[in-house]
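Q: Below are the structure tokens for one structure; questions will follow.
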């Protein structure tokens, strides 16, 4: 019985070692990055930080692979399968020309292809894709073993009109970021034109958001014309002011100085008039004082005269009284 158990254990161990020695090699697909035109925000998708591809242009996908095994791997194919039922492969590797990756190393492979027109790859919804990495054995390169893959979404195709809409949208947004919706222009004419451009931009944005790309493109064009004209008008106004501003400033300075001098002279005249008026009042007061003093002297004279008259009357009464006695 013990011999039977020992034989079973030995067979199991041998099978395990055999399976381990022929295990399929695999690696990680570390990252996948699309290389395309960047847009901070897209009104139609309502999304930020998009990489987009216009129909008929070249798209590139960078696939970063990591060899997490303790031996070399021979990468023979890096493929992306798009949801419009087409595969695209990297031209950097093949079954007969694999890329040898030593253990614990990274390598980036590029897949390049031409984006189909929107009848094949629609511009109205986001596309999904799957990335595959194939390997071949080290002897003969005849068969694949181990096929890691990764699935994702977010591949955006633009029609030609949609691409033009985004170009105009980005240009107008850059203007608004610089000047704002209501800039502090010195020229009223420039300010009015800018506000008209802003209203047209709002119409364009709403059309863009709902996929009316032709209407949006026309509104964006009109808005851009208005705002460029406004900037030109403001620049001309500033140039004219710069050319003639110094002369105007000197004229205004002269007017200001004349006004200041007139004000000072007026204040001096008023002050002189006040002084003369005060002197006249003082002279009049002095004359009145003299008259008062004369009247007071005359009053004193009349008082003395009255007292003398009284004394004379008393003396006359006394004298008459004495004469009347026997």
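Q: Consider a paramagnetic label point 7 Å from the Cα of residue 97 along Cα→Cβ; state which residues of the stretch 59-86 have an amide N under 17 Å from it.
A: 74-79
Q: Using 1/(1 + (r/R0)^6) with R0 = 35 angstrom and r between the beta carbons of residue 236 and residue 38, what's the FRET efficiency to the nearest 0.05?
A: It comes out at approximately 0.50.
Q: A follow-up question, please. By how many nm would the segment from residue 86 to residue 261 lengthen if fully extended, with 0.36 nm per residue of separation less the alpha-carbon distance?
A: My answer for the length gained is 54.1 nm.
Q: Let me ask you something else. Starting from 0.36 nm per residue, how many nanometres of slack lie between residue 69 and residue 106 once their C-alpha separation is accounted for? Mind showing how you got there, number by number?
A: Values: separation 37, 0.36 × 37 = 13.32 nm, distance 1.17 nm.
Length difference between fully extended and current span is 12.1 nm.
Q: Give the calculated FRET efficiency between residue 221 and residue 272 to the nearest 0.05, with a Förster radius of 51 Å applied to their Cβ-Cβ distance.
A: The pair residue 221/residue 272 has a calculated efficiency of 0.10.
Q: For residue 47 and residue 186, calculate 0.36 nm times their separation in residues minus their Cα-Cα distance, and state this gained length in nm to one decimal.
A: 46.4 nm
Q: Going 7 Å from the Cα of residue 179 along its beta-carbon direction, which residues of the stretch 200-240 have the amide nitrogen within less than 11 Å of the resulting point?
A: Backbone N within reach: 224-236.
Q: Label point 7 Å out from residue 28 along Cα-to-Cβ: which residues of the stretch 98-130 have amide N under 14 Å?
A: Only 104-107 pass the distance filter.
Every number in this text was worked out from the coordinates using simple rules, so none of it is lab data. Everything quoted here is computed from the prediction, not taken from an experiment. Counting neighbours? That spans all protein chains shown, and the Cβs are built from the backbone with ideal geometry, glycine included.
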